[in-house]
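To start, the structure under review is shown below, and the notes come after it.
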Amino acid sequence: MFDNLTERLSNSFKAIQGKNKLSDENIKEAIREVRRSLLEADVALDVIKFFIERVQTKAIGLKVGEGLNPSQAFIKLVEAELTEVIGGQNESLNLSTQPPAVVMVAGLQGSGKTTSIAKLARYLKEEQKKKVLVVSADVYRPAAIEQLKILAEQIGVDFFPSTVDEKPEKIVSDAKKQAQSQFHDVLLVDTAGRLHVDEQMMSEIQILQKQVNPIETLFVVDSMTGQDAAHTAKTFSDMLPLTGIILTKTDGDARGGAALSVKHITGKPIKFMGVGEKTDALEPFYPDRLVSRILGMGDVLSLVEEISKKVDHKKAQKNVQKMAKGRFDLDDMRDQLMQMQQMGGMAALMDKMPGMGQIPQSVKNQVIGDTESSRMVAIINSMTPKERNHVNLIKGSRKKRIADGSGTDVQQVNKLLKQFEKMQKTMKKMKGGKMKKMMQQMGDMQGEGGMPDFSKMSGLGNKKFPF
């Protein structure tokens, strides 16, 4: 996410890296490079001007805090101002009303609006324990109604049926009555996607918004469109009383222009980010955490939350105890790969780890990707239980059978077996005392409620700047 911006900003700070003091000259050079980085990231010009002016004003006479060198002090200033520009504090959904709380979602066609509703429904159901009803008022696209129905079934939330022959206002009115009678906490309303902002379509959604009177009106915008996303959101915001933004497709956005521009241009907060295609790939938007990731400092808090939600802790503990005895088989390797996939894959985890912004892309490319990870799981699944426990049995004819069963070739099976052998050797080295010591450290890191206490890990107790 935003890899290009992270890399360019890292280069920008080289102008002041290693300097004993901040001077007008090296500050100007650093600011000039920061401006160039933001321009290349497709950040809106108004936002860049506002941001640079604030940094420039505060950088003059900047006092270096205790424990920081001049370059770190400047980066800390950039971090604070960038956080302020993109929203300051996290703003959650406002559902404080007589149930059902109606949340209306609007957006252009292709922005990921219907999928975002499904993601939001799942988030509300699983994270906030809400009873959710979803309804489609998109009477222009029958496929949109069917899509929402299928997604609702997948995530296990209620769906209110509608047809293209009905008026959007009646659809939502009937859905609201059902939500009330069946004690739903939240009603999520999908509206017709627009190819562009035209007068007729905007008039229709304005009428719908007034009649529905939702407590939240969210606008879904595709981050891949850069600063255009912010300007489109601004046009909608001028015509509709938007309460927030859902920024989609951020996992494929290397620039970050939309994320850095939307709040300043529209005055509306980004409330959620779509970080993948799956229905669980929606994150609440925390400006400070995002800026930390952009500046290459990682996002430890989100990483901890991700691990706490998606890792099977009992299975993980069992595996550690098994490894302490020097035992590690292909079943264990498959479990690790599948848990990594549940957390968004290695790339998503690396994005949240401190210092990863400084690792060259060539090194990152060597990390196991999502496609390769799925292939490795398929290969292991094509083995018999006996083969997974006794890898030495896997010879010529067995390799061919496993390759055929997993849709791969013998070369890829050999590659997996070599990677497994390396991991197995590493685990054997950790046998006994070393593994027990690591388990003790894991126990010491447990904070209240079983959450890891990252302050006990070297380098993470106090936020370190990797530049």
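The values are calculated or read from the model by the stated rules, or taken from the named source; none is laboratory data. What you are looking at is a predicted structure, and each value in this text was computed from that prediction instead of being measured. Note: ideal-geometry Cβ built from the backbone for every residue, glycine included; neighbour counts use all protein chains shown.
Yes/no per residue for (1) out of contact with any Pro (no Cβ under 9 Å at 6 or more places or on another chain); (2) crowded, with 19+ Cβ neighbours inside 10 Å:
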{"position": "164", "(1), (2)": "no, no"}
{"position": "170", "(1), (2)": "yes, no"}
{"position": "174", "(1), (2)": "yes, no"}
{"position": "179", "(1), (2)": "no, yes"}
{"position": "184", "(1), (2)": "no, yes"}
{"position": "188", "(1), (2)": "yes, yes"}
{"position": "203", "(1), (2)": "yes, no"}
{"position": "226", "(1), (2)": "yes, yes"}
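Considering only the stretch 119-133, I want to know if a residue exists there that is of a type in the set (Gly, Ala, Ser) and either outside the structural domain of residue 243 (by TED's automatic domain parsing) or crowded, with 24+ Cβ neighbours inside 10 Å (or both). Outline the logic, then answer.
Within the stretch 119-133, the subset of a type in the set (Gly, Ala, Ser) is 121.
Going one step further and asking which of them are either outside the structural domain of residue 243 (by TED's automatic domain parsing) or crowded, with 24+ Cβ neighbours inside 10 Å (or both), we end up with 121.
Yes, some residue in the stretch 119-133 is of a type in the set (Gly, Ala, Ser) and either outside the structural domain of residue 243 (by TED's automatic domain parsing) or crowded, with 24+ Cβ neighbours inside 10 Å (or both).
One residue is enough: does the stretch 149-160 have a residue meeting the conditions surrounded by fewer than 19 Cβ atoms within 10 Å (Cβ to Cβ), under 30 Å from residue 208 (Cα atoms) and either touching a residue at least 60 places away in the same chain (Cβ under 8 Å) or not assigned by TED's automatic domain parsing to the domain that holds residue 223 (or both)? Checked against the condition, which is being surrounded by fewer than 19 Cβ atoms within 10 Å (Cβ to Cβ), under 30 Å from residue 208 (Cα atoms) and either touching a residue at least 60 places away in the same chain (Cβ under 8 Å) or not assigned by TED's automatic domain parsing to the domain that holds residue 223 (or both), the stretch 149-160 yields at least one hit.
Can you tell me how many residues within the stretch 88-113 are crowded, with 24+ Cβ neighbours inside 10 Å and modelled with pLDDT of 90 or more? Counting residues in the stretch 88-113 that are crowded, with 24+ Cβ neighbours inside 10 Å and modelled with pLDDT of 90 or more gives 3.
Is it the case, given these coordinates, that residue 144 is within 25 Å of the chain's Cα centre (by Cα) and part of a helix (DSSP H, G or I)? Spell out the reasoning first.
On the way: within 25 Å of the chain's Cα centre (by Cα): yes; part of a helix (DSSP H, G or I): yes.
In short, yes.
Of all residues in the stretch 391-413, those being more than 18 Å from residue 374 (Cα to Cα) and of a type in the set (S, T, N, Q) number 2. Of the residues that sit in the stretch 1-51 and are among the aliphatic types (A, V, I, L, M) and part of a loop (DSSP other than H, G, I, E, B), which one is modelled with the lowest pLDDT? Out of the qualifying residues, it is 1.
Within the stretch 170-185, can one find any residue that is assigned by TED's automatic domain parsing to the domain that holds residue 235 and more than 19 Å from residue 98 (Cβ to Cβ)?
Looking through the stretch 170-185, at least one residue is assigned by TED's automatic domain parsing to the domain that holds residue 235 and more than 19 Å from residue 98 (Cβ to Cβ).
Please tell me if residue 182 is at pLDDT below 95, within 22 Å of residue 213 (Cα to Cα) and in contact with a Phe, Trp or Tyr (Cβ under 7 Å, 6 or more places away or on another chain). In short, no.
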